[in-house]
Amino acid sequence: MKKHLLLTALALTASTAPAFAHLNPAEHGSLLAGVTHPLSGLDHILVMVAVGLWAAQIGGRALWIVPSAFVGTMAFGFVLAMTGVHLPFVEPAILASVVALGLLVAMAVRMETVACAAVVGVFALFHGYAHGGELGAAGALPFSAGFVIATALLHAAGIGLGLGIGRLSSGRVISRILGGITAFAGLALIFN
């Protein structure tokens, strides 16, 4: 049974490549365009699942505080983009977030929950700003509700994966390996 769970976890991790491009809000509606937006970029998927994995490694209040900090600060970043505030280095910060969060999981870094929330919050600001910059013809409120929902679900998937792996005798090692894979994938994205 444990081997099947491990193989399933690895298969899910390996299948995080984007399955489709951004949906046209005129054809599919702004909410659905927002839901699919984070799912169409490997960088977003990797970071959001890594946030959940890290929260699962830390446990306790971090299970809800760390992902909530990401979602809340991401929404604030979206508002900054909508109001025309200039935020430099958005794409480099997003790519750095993949590597950094992957390394935090790989090294099983444990800090105070508030510090963890601050770390993910910094990166979330850039992710939210990028979502705002890619709004296009979508309505801001339904689009933002959509990507908030998708982000929360990706965090929940990371938490579920982390908690599930944690039940295995080699769970800590597997979780750390997944973090390393995430960091490596982030480096690959930087150099592509």
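List pairs: first residue in the stretch 38-60 and outside any helix (DSSP H, G or I), second residue surrounded by fewer than 24 Cβ atoms within 10 Å (Cβ to Cβ) and modelled with pLDDT under 95 anywhere in the structure, Cβ distance under 7 angstrom, at least six positions apart or on different chains.
Listed by first residue and then by second, the contacts come to Gly41/Pro18.
(1) in a helix (DSSP H, G or I); (2) in contact (Cβ under 8 Å) with a residue 12 or more places away in the chain: which one isn't true of Gly136, the others all being true?
(1)
Restricting the search to the stretch 146-189, which residues are part of a helix (DSSP H, G or I) and either in contact with a Phe, Trp or Tyr (Cβ under 6 Å, 6 or more places away or on another chain) or basic (Lys, Arg) (or both)? Quick ask: steps written out before the conclusion?
Within the stretch 146-189, the subset part of a helix (DSSP H, G or I) is 146-166, 171-189.
Hits for the stretch 146-189 are Arg172, Arg176.
Restricting attention to the stretch 96-115, does a residue exist that is of a type in the set (Ser, Thr, Tyr) and closer than 13 Å to Ala50 by Cα? I'd like the intermediate steps shown before the answer.
Pass one, the stretch 96-115, residues of a type in the set (Ser, Thr, Tyr): 97, 113.
Now narrow it down to the ones that are closer than 13 Å to Ala50 by Cα: 97.
Taking every residue of the stretch 96-115 in turn, at least one turns out to be of a type in the set (Ser, Thr, Tyr) and closer than 13 Å to Ala50 by Cα.
The values are calculated or read from the model by the stated rules, or taken from the named source; none is laboratory data. Note that the coordinates shown come from a computational prediction; the quantities given were computed from them, not determined experimentally. We place every Cβ from the backbone using ideal geometry, glycine too, and count neighbours over all the protein chains shown.
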